[in-house]
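Step one of this worksheet: look at the structure below.
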Amino acid sequence: MRKVLYPGTFDPVTNGHIDIIQRACDLFDKVVVTVAINPTKTPLFSVKERIKFIADSVQDFPKVSVDSFDGLVVDHAKNIGAIGIIRGLRAMSDFEYEFQMALMNRKLAKKINTVFLMPHEKYTYLNSSIIRNLASFNSDVSDFVPPIVQEALKIKFRK
Ligand code: COA
């Protein structure tokens, strides 16, 4: 059973994240998507909401489960018996941060490797901040996020 952990803030989950989850499912037996409780970010959606959006969007992926964690990502990976950490690489601008994080995580837990996956080109310019920003101006985000997220954003920014 080759289990991997896909950590992120997912505020909210986008089609770019779903694309990465799909690719991870092609390679591994079990993919645990985990919502980080990150004290350095002030999320728009609660952890419970973010978990719900992901769970709803991966209903057709039997290999996927969703949870949350507070602490070090490598500790959570060890606790659930994951052999690796999945991260998406969209562009060169992601590389430096991801490289540093992957090496530090490897220093902390030698046996847990980071696996980088590239989303489809059409998602390379996406991130959650851009989605939140567009939605705050009532712009259509239906091409970029799952339907449940689109609805939640509409409600969140409705006057
Ligand atoms: N499609 C669309 N957007 C994507 C994406 C993809 N495939 N991959 C990443 N992104 C975006 C995210 O939406 C997010 O956008 P935002 O900053 O505008 O909200 C951004 O890229 C950052 O990605 P995210 O996956 O949320 O990473 P993060 O920088 O918030 O880090 C953890 C999340 C969980 C990996 C990190 O906080 C962590 O490891 N925390 C635990 C503490 C720890 O272990 N520290 C030691 C690390 S060495």
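Couple of notes before you dig in:
- For region 29-44, filtering for residues that are in contact (Cβ under 8 Å) with a residue 40 or more places away in the chain and more than 8 Å from the ligand (Cβ to nearest atom) leaves 3.
- Filtered by the rule that a residue be touching a residue at least 40 places away in the same chain (Cβ under 8 Å), among the aliphatic types (A, V, I, L, M) and out of contact with any His (no Cβ under 9 Å at 6 or more places or on another chain), region 80-117 gives I80, I83, I85, I86, V115, L117.
- Looking only at region 138-159, residues that are in contact (Cβ under 8 Å) with a residue 24 or more places away in the chain and among the β-branched types (V, I, T) come to 3 in all.
- The one condition from (1) over 25 Å from D143 (Cβ atoms); (2) among the polar types (S, T, N, Q); (3) at pLDDT 95 or above that T14 does not meet is (1).
- Within region 1-38, the residues that satisfy the criterion of being among the hydrophobic types (A, V, I, L, M, F, W, C) and surrounded by fewer than 18 Cβ atoms within 10 Å (Cβ to Cβ) are M1, C25, L27, I37.
- Subset tally (residues that are of a type outside the set (A, V, I, L, M) and touching a helix residue (DSSP H, G or I) at 6+ places or on another chain (Cβ under 7 Å)) for region 68-89: 4
- F53 farther than 26 Å from D26 by Cβ, within 14 Å of the ligand (Cβ to nearest atom) and aromatic (F, W, Y): no
- Note on region 122-138: among residues that are more than 12 Å from the ligand (Cβ to nearest atom) and farther than 21 Å from T9 by Cβ, the one that is modelled with the lowest pLDDT is N138.
- Residue count, region 71-89 (criterion: crowded, with 17+ Cβ neighbours inside 10 Å and not aliphatic (A, V, I, L, M)): 4
- Residue count, region 66-115 (criterion: in a helix (DSSP H, G or I) and within 12 Å of the ligand (Cβ to nearest atom)): 20
- Selection over region 87-108 of residues that are more than 17 Å from L126 (Cβ to Cβ) and modelled with pLDDT of 95 or more gives a count of 10.
- Of all residues in region 1-28, exactly one satisfies the criterion of being of a type outside the set (A, V, I, L, M), more than 9 Å from the ligand (Cβ to nearest atom) and under 18 Å from F53 (Cα atoms), namely Q22.
The values are calculated or read from the model by the stated rules, or taken from the named source; none is laboratory data. Owing to the predicted nature of the structure, the values given are computational and were not obtained by experimental measurement. As a convention, Cβ positions derive from the backbone with ideal geometry for all residues, glycine included, and neighbour counts pool all protein chains shown.
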